[in-house]
Amino acid sequence: MAFSINPNVDRVLDPPTNETRGWVERNEHNPDLPIIDAAQAVPSYPPSEELTAHLAEEVCRSDTSFYTPILGLTALREACAESLTSQYGSLIDASNIVVTCGGNHAYCMAITALAAPGDEIILAEPFYFNHQMWFDLQGITTRLLPCNETPEGLLPDLDAARALITDKTRAMVLVTPNNPTGTTYSPQYLAAAYDLARSRNMALVLDETYKDFLSVGTRPHDLFADPDWGETLVYLYTFSKVYSLTGYRVGALAGGQRLVGAIGKIADTLTICAPHVSQKAALFGLRNLGRWAEQKNADLQQRLTLLRETFLQIDPPFELVSSGAFFGYLKHPFAGSRSLEVSRRLFNEQSILTWPGSFFGPDQEQYVRMAFANAGHTEIEELVRRLSRIGGA
Ligand SMILES: Cc1ncc(COP(=O)(O)O)c(C=O)c1O
């Protein structure tokens, strides 16, 4: 008899990105308009030439082909701790850092350390879809936490979170700046989320993948100031975006010693270590690319301003309900239409590739996400112009 697939795996939907990639492969766009790809969140520029030149030398060194310690190169853990200490203004020790194979790996290991099958985790909706997929794969029950539209963007409702907590709840997951909405949660908001998690003995898993794309000098929050932060906070980070290294697969996690101990077992079993050459890339970045990353961020901030201003000027029928980091979250004007149909129309009629709200949760049919960071300055203006031309709105 043929083997069966683990039902937890079987019921997870296919990676949603396959759908929109198929439209591109089948050339379903308007042939008169070049494609503006605002789908996947990838920096629109290559890594720094200094970094690639450094790696060209490092790959010729024999040590680069060896495993590193499970938790990562000591020098990288130290550099990472130093960088976080300087940004967050609280002492974070190298022993709190685990180097991972990117942000998703950090997340999956953290969740595996925190929750067993049958446990529950609160996940703010709209969510980053891989976050939800991992719960299903692990047999963890997702408790979706709705967001409210506010002048600061879409904010998960903490009163609703309180009501979702049961004796099986192990964690609450938040992403700031957020994917897909771009909303950045204020330090006060995050302090309230942290207090809630701590008071109910659960973890606050905070994914700060886009923290390098805040205004320069911003301290995202003060949560590390609590001497016991490691008993509540699980901090996730990646080098993918800041140094444009999405294919290198290197990220980091910061946690208390109990979590780091648990992650050591999981990391050893899964990957033994993050790719050595990628760890060297991250280390080079932390030591040498501060200025480079700031310039890239300054450029992104200009694009964000341009996006917001162009929306105000052109006033397309799509409402920019929230924006920040790499993203604009748009409410579409076609009441009753599914977001997938709307995204498809944007591609068919205007050659704009977006991701439908349905990728980010069951209650997101009114929205589409635009990763404007993929587009250059002139493309951003063109993109908003095309949004205003979509027929029948
Ligand atoms: C919120 C969030 N977390 C994690 C990731 C994945 O990062 P990585 O490529 O480092 O795995 C992404 C990528 O888009 C993301 O948006």
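The values are calculated or read from the model by the stated rules, or taken from the named source; none is laboratory data. All of these numbers come straight from a predicted model, not from anything done at the bench. All Cβ positions, glycine included, derive from the backbone under ideal geometry; neighbour counts span all protein chains shown.
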Discussion item. Looking at the structure I just gave you, is I380 crowded, with 22+ Cβ neighbours inside 10 Å, closer than 22 Å to G22 by Cβ and either of a type outside the set (K, R) or touching a strand residue (DSSP E or B) at 6+ places or on another chain (Cβ under 9 Å) (or both)?
Written reply: no
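Quick one: count up the residues across segment 315-356 that are part of a helix (DSSP H, G or I) and either farther than 20 Å from C147 by Cβ or of a type outside the set (V, I, T) (or both). Give the steps one after another, and end with the answer.
Let us first name the residues in segment 315-356 that are part of a helix (DSSP H, G or I), namely 339-350.
Subset that is either farther than 20 Å from C147 by Cβ or of a type outside the set (V, I, T) (or both): 339-341, 343-350.
Count: 11.
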Worksheet item: Is it true that some residue in segment 225-240 is surrounded by 22 or more Cβ atoms within 10 Å (Cβ to Cβ), more than 16 Å from the ligand (Cβ to nearest atom) and within 12 Å of V98 (Cβ to Cβ)?
Response: no
Discussion item. Are there strands (runs of 3 or more DSSP E) fully within segment 135-204 with at least 3 residues that are among the β-branched types (V, I, T) and modelled with pLDDT of 95 or more? List them.
Written reply: 169-175
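Here are P177, P151: which of them is within 26 Å of R303 (Cα to Cα) and over 21 Å from the mean Cα position of the chain (by Cα)? Outline the logic, then answer.
Values: P177 fails: over 21 Å from the mean Cα position of the chain (by Cα).
The conditions single out P151.
Looking at segment 73-123, which of its residues are part of a loop (DSSP other than H, G, I, E, B) and either touching a helix residue (DSSP H, G or I) at 6+ places or on another chain (Cβ under 6 Å) or away from the ligand (no atom under 16 Å from the Cβ) (or both)? Even if it seems obvious, please write down each step before you answer.
Going residue by residue through segment 73-123, those that are part of a loop (DSSP other than H, G, I, E, B) are 73, 89-93, 101-102, 115-119.
The answer is L73, G89, S90, L91, I92, D93, A115, A116, P117, G118, D119.
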Worksheet item: Would you say Y189 is within 16 Å of the ligand (Cβ to nearest atom) and either in contact (Cβ under 8 Å) with a residue 12 or more places away in the chain or surrounded by 15 or more Cβ atoms within 10 Å (Cβ to Cβ) (or both)?
Response: no
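With respect to L312, determine if the residue is touching a residue at least 24 places away in the same chain (Cβ under 8 Å) and in a helix (DSSP H, G or I).
Working: touching a residue at least 24 places away in the same chain (Cβ under 8 Å): no; in a helix (DSSP H, G or I): yes.
Spelling it out, it is not the case that L312 is touching a residue at least 24 places away in the same chain (Cβ under 8 Å) and in a helix (DSSP H, G or I).
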Fill in: Extreme residue, surrounded by the fewest Cβ atoms within 10 Å (Cβ to Cβ), among residues of segment 282-304 that are among the small types (G, A, S) and touching a residue at least 12 places away in the same chain (Cβ under 8 Å)
A298
Worksheet item: Among the listed residues E341, E365, which satisfies the condition of being modelled with pLDDT of 95 or more, of a type in the set (D, E) and in contact with a helix residue (DSSP H, G or I) (Cβ under 6 Å, 6 or more places away or on another chain)?
Response: E365
Practice prompt. Just give me the residues in segment 1-29 being closer than 15 Å to I352 by Cα and crowded, with 16+ Cβ neighbours inside 10 Å, in sequence order.
Written response: E19, T20, W23, H29
Worksheet item: Looking at (1) at pLDDT 95 or above; (2) surrounded by fewer than 16 Cβ atoms within 10 Å (Cβ to Cβ); (3) not aliphatic (A, V, I, L, M), which is the one condition that is false for T68?
Response: (2)
Worksheet item: Which members of segment 51-64 meet the condition of being in contact (Cβ under 8 Å) with a residue 24 or more places away in the chain and surrounded by 10 or more Cβ atoms within 10 Å (Cβ to Cβ)?
Response: L51, H54, L55, E58, V59, T64
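Inspect segment 196-207 for any residue being among the acidic types (D, E) and more than 14 Å from the ligand (Cβ to nearest atom) and give the result as yes or no.
no
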Worksheet item: What tally of residues in segment 243-265 results from selecting those that are within 16 Å of the ligand (Cβ to nearest atom), hydrophobic (A, V, I, L, M, F, W, C) and in contact with a Ser or Thr (Cβ under 9 Å, 6 or more places away or on another chain)?
Response: 5
Practice prompt. Write out, first by first residue and then by second, each pair whose Cβ atoms fall under 7 Å of each other, whose residues are 6+ apart or on separate chains, and whose first residue, in segment 93-115, is at negative phi while the second is assigned to a helix (DSSP H, G or I) and within 12 Å of the ligand (Cβ to nearest atom).
Written response: T100/A106; T100/M109; N104/N130; Y107/H131; Y107/W134; C108/W134; I111/W134
Practice prompt. Enumerate the pairs (first residue in segment 164-180 and without any contact (Cβ under 8 Å) to a residue 40 or more places away in the chain and closer than 30 Å to D212 by Cα; second residue anywhere and assigned to a loop (DSSP other than H, G, I, E, B) and near the ligand (Cβ under 9 Å from one of its atoms)) with beta-carbon separation below 7 Å, excluding pairs fewer than 6 apart on the same chain, so at least 6 apart or on different chains.
Written response: none
Fill in: Subset of segment 198-224 that is over 18 Å from the mean Cα position of the chain (by Cα) and among the small types (G, A, S) - its residue that is farthest from Q302 (Cα to Cα)
S199
